[in-house]
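Okay, so here's the structure we're looking at.
The values are calculated or read from the model by the stated rules, or taken from the named source; none is laboratory data. Computed from a predicted model, the values in this text were never measured in an experiment. Note: ideal-geometry Cβ built from the backbone for every residue, glycine included; neighbour counts use all protein chains shown.
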Amino acid sequence: MANARLSTGRTIAAHAILITYTLIALFPAFVVVINSFKSRKAIFADPLALPSLNNFDLVGYETVMKQGDFFAYFQNSLIVTVASLFFVLLFGAMAAFALSEYRFKGNTLMGLYLALGIMIPIRLGTVAILELMVAGGLVNTLTALVLVYTAQGLPLAVFILSEFMKTVSDDLKNAGRIDGLSEYAIFFTLVLPLVRPAMATVAVFSMIPIWNDLWFPLILAPAEETKTVTLGSQVFIGQFVTNWNAVLAALSLAILPVLVLYLIFSRQLIRGITAGAVK
């Protein structure tokens, strides 16, 4: 009886902590969204109040649609994010499979070298990256952003996926080899389907920094035709006057794709995070 009460108490405490954390995490987004539907005066008068008939205003969204090519910015962000995720997952999974499946001289050293990419920010190499892109004629192209974000996401992808690859049964892979499958066929048809939760985890953790990044679009692709949503939103932020209605509206619209992608990957993400926690 005492154990049951203790277990119930722990469950309630755990749920309370999770609910509190969720509210804290969602609160900034909630404030941004509700204020995007209010007039400028109402935003500063009471930023936490919900929109009402007296202060409801869509001027921010109207400004976003009229000033600047927001849909082009949106499209650029989507192309860069999806392409970067594709290459991060593909190359990361292939490298993780090689490191976990094959034992060769320098295997451990290679894994540690890739792990350094998680600890060392890629922005430290901004000058060298810019020189490389200038030499390759890739400045003001979406290709430059895709290359940088792929390099940025690979270390974490290899680190996470390699651990999941080790849990795949050797008997399954050996059975595939006996049946005459090539290593590529084993990788794509046997291993990848079993590590989908891990790939969803990598996708979510890699997607958000790419979508929200301002640094590399500002340096590598500041041209009007290659601007991303984050960079395009800066047009509403002036040195002396900031159009907060437009800024909040742009941020609210920028939240939608991330939310949709998260909902798509959520089930696999939860499975990936909790895998290994319960045996």
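Of all residues in segment 27-49, exactly one satisfies the criterion of being surrounded by fewer than 11 Cβ atoms within 10 Å (Cβ to Cβ) and hydrophobic (A, V, I, L, M, F, W, C), namely Leu48.
Give Asn174, Asn245 a once-over and let me know the one that is more than 29 Å from Arg40 (Cα to Cα), part of a helix (DSSP H, G or I), modelled with pLDDT of 80 or more and of a type in the set (S, T, N, Q). Break it down into steps so the answer makes sense when it comes.
Working: Asn245 fails: more than 29 Å from Arg40 (Cα to Cα).
Within the list Asn174, Asn245, the selection yields Asn174.
Considering each residue of segment 164-174 in turn, none proves to be crowded, with 21+ Cβ neighbours inside 10 Å, under 19 Å from Met119 (Cα atoms) and not aliphatic (A, V, I, L, M). Yes or no: segment 213-220 includes at least one residue that is surrounded by fewer than 22 Cβ atoms within 10 Å (Cβ to Cβ), over 30 Å from Asp69 (Cα atoms) and over 19 Å from the mean Cα position of the chain (by Cα). Scanning segment 213-220, I find no residue that is surrounded by fewer than 22 Cβ atoms within 10 Å (Cβ to Cβ), over 30 Å from Asp69 (Cα atoms) and over 19 Å from the mean Cα position of the chain (by Cα), so the answer is no.
Here Thr150 does not qualify as touching a Ser or Thr at 6+ places or on another chain (Cβ under 8 Å), surrounded by fewer than 18 Cβ atoms within 10 Å (Cβ to Cβ) and modelled with pLDDT of 90 or more.
For segment 12-38, which residues satisfy the criterion of being touching a Ser or Thr at 6+ places or on another chain (Cβ under 7 Å) and either among the basic types (Lys, Arg) or assigned to a helix (DSSP H, G or I) (or both)?
Val32, Val33
If the condition is being under 15 Å from Asn243 (Cβ atoms), more than 24 Å from the chain's Cα centre (by Cα) and of a type in the set (Val, Ile, Thr), then segment 13-47 contributes only Ile43.
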